[in-house]
Amino acid sequence: MTGIGIDIGGTKVAAGVVDQDGGILATDRAPMVKDSHETMLESICTVVDRLLAQGHEKPNAIGIAVPGTVDRDQGIAVSAVNVGWRNLPLVDLLQDRYGLSGVIANDGNAGAWGEYAFGRGKDTQNLVYLTVGTGIGGGIIDAGRVVRGSGAAGEVGHILVNPGGPLCNCGVHGCLESLAAGPGIARRGKQAAAEEPTDIVRRLTDGNIENLTSVTVRDAADEGDPVMQAVRDDTARWLAIGCQICHQLFAPECIVFGGGVMQDGGRLIQDIRNWYQQLAGSPHPNIESFIRLAAESEHSGIVGAAALVLQPER
């Protein structure tokens with residue numbers, strides 16, 4: 001038995017064929033073209049078409065992980081500040097095109113379920129999942145069930161951590177996403193580079209600070225640039241604050257990180273652990289087990305989406 005997992009973000013669509021044990025058989029990705037509902041759907045179908053053309057066993061169903069609010073019962077992507085759709089009936093549209101049943105979920109909830117079913121949370125019953133990319137999504141598993149509240153629980157990225165701070169797309173000044181997601185990292189990197197330009201940043205941006213992205217911050221920090229290392233350290237501090245809030249609210253057995261920003265060879269996750277130990281009232285006795293990197297951190301969204309149909313919540 002296999003399923004297709006589709007992970008939709010603010011800038012890309014990633015999808016994969018996943019087996020019943022959570023193993024990834026194939027992946028593909030493409031930019032998300034957000035001009036209209038039609039271009040968004042075509043971006044998604046471009047990736048699925050290429051996967052199906054690879055000739056793997058015909059999938060049994062499609063799981064879809066999307067940012068923002070969803071109507072699970074109706075299969076609708078309701079809204080997302082980083083994408084721009086409104087009431088897009090994704091499940092029906094994909095079923096009409098491919099003849100496969102589908103399930104849709106918020107990307108944070110899907111990622112949490114994937115880690116609980118297949119990944120770094122298999123040994124737990126209670127976890128918090130954070131996916132850090134263009135935005136910050138979150139999901140909560142409590143006693144083996146996804147916590148949904150009245151419909152949008154788990155939006156850890158929109159916890160207010162710095163009142164009066166940068167304006168987030170959600171309309172709040174100073175939420176975690178505005179500070180520690182990719183665009184927030186890039187914004188802080190540009191500010192730091194403008195105040196203290198370095199040869200490494202000049203080279204990586206071709207002499208134009210406006211070219212600086214969160215990837216530039218990562219690469220410059222890895223090369224030893226002290227200014228960008230400070231930006232990365234500040235990012236880790238904000239994310240550690242988010243972990244501390246989650247710990248106090250939900251007392252999870254672990255907090256699992258996934259998403260593109262975390263793809264740096266494990267340096268950011270270690271910085272988060274270090275900051276958490278400094279911020280916590282008492283140091284965690286096993287910080288490496290408590291704050292974890294997703295098993296398939298690069299593809300955790302794909303595995304989480306596929307888990308919706310391969311290991312459905314009961």
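The values are calculated or read from the model by the stated rules, or taken from the named source; none is laboratory data. Computed from a predicted structure; not experimentally measured. Ideal geometry is used to build each Cβ from the backbone, glycine not excepted, and the neighbour counts take in all protein chains shown.
Numerical summary
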{"item": "Scope region 224-246; condition under 21 Å from residue 107 (Cα atoms) and surrounded by fewer than 18 Cβ atoms within 10 Å (Cβ to Cβ); matching residues", "result": "245"}
{"item": "Of residues in region 3-12 being of a type outside the set (Gly, Ala, Ser) and either at pLDDT below 95 or surrounded by fewer than 19 Cβ atoms within 10 Å (Cβ to Cβ) (or both), the one farthest from residue 120 (Cα to Cα)", "result": "11"}
{"item": "Tally, over region 252-289, of residues that are assigned to a loop (DSSP other than H, G, I, E, B) and under 21 Å from the mean Cα position of the chain (by Cα)", "result": "7"}
{"item": "Residue check, residue 127 surrounded by fewer than 21 Cβ atoms within 10 Å (Cβ to Cβ) and in contact with a Cys (Cβ under 6 Å, 6 or more places away or on another chain)", "result": "no"}
{"item": "Every pair of residues 6+ apart whose Cβ atoms lie under 6 Å, when the first sits in region 235-257 and is in the same structural domain as residue 271 (by TED's automatic domain parsing) while the second is polar (S, T, N, Q) and outside any helix (DSSP H, G or I)", "result": "252/126; 253/124; 253/126; 254/124"}
{"item": "Scan of region 290-314 for residues that are assigned to a helix (DSSP H, G or I) and of a type in the set (S, T, N, Q), ordered by number", "result": "297, 300"}
{"item": "Residue in region 238-246 that is part of a loop (DSSP other than H, G, I, E, B) and either among the aromatic types (Phe, Trp, Tyr) or touching a helix residue (DSSP H, G or I) at 6+ places or on another chain (Cβ under 6 Å) (or both) present", "result": "no"}
{"item": "Qualifying positions in region 126-176 - under 24 Å from residue 21 (Cβ atoms), assigned to a loop (DSSP other than H, G, I, E, B) and either touching a helix residue (DSSP H, G or I) at 6+ places or on another chain (Cβ under 8 Å) or among the acidic types (Asp, Glu) (or both)", "result": "126, 144"}
{"item": "Yes/no for residue 265 being within 20 Å of residue 185 (Cβ to Cβ) and at pLDDT 95 or above", "result": "no"}
{"item": "Residue under evaluation residue 114, criteria (1) under 30 Å from residue 21 (Cα atoms); (2) in contact with a strand residue (DSSP E or B) (Cβ under 7 Å, 6 or more places away or on another chain); (3) surrounded by 24 or more Cβ atoms within 10 Å (Cβ to Cβ), criterion not met", "result": "(2)"}
{"item": "Inter-residue pairs, beta-carbon under 9 Å, first modelled with pLDDT under 90 and in region 144-171, second aromatic (Phe, Trp, Tyr) and not in a loop (DSSP other than H, G, I, E, B), 6+ apart", "result": "154/129"}
{"item": "Count - residues of region 210-226 that are assigned to a helix (DSSP H, G or I) and free of Cβ contacts under 8 Å to residues at least 40 places away in the same chain", "result": "8"}
{"item": "Selection from region 34-51 of residues that are of a type in the set (A, V, I, L, M) and surrounded by fewer than 16 Cβ atoms within 10 Å (Cβ to Cβ)", "result": "none"}
{"item": "Selected residue (criterion: modelled with the lowest pLDDT) from residues of region 52-67 that are surrounded by 23 or more Cβ atoms within 10 Å (Cβ to Cβ) and out of contact with any Asp or Glu (no Cβ under 7 Å at 6 or more places or on another chain)", "result": "59"}
{"item": "Condition broken by residue 75, with the remaining ones in (1) in contact with a strand residue (DSSP E or B) (Cβ under 6 Å, 6 or more places away or on another chain); (2) within 18 Å of residue 2 (Cβ to Cβ) satisfied", "result": "(2)"}
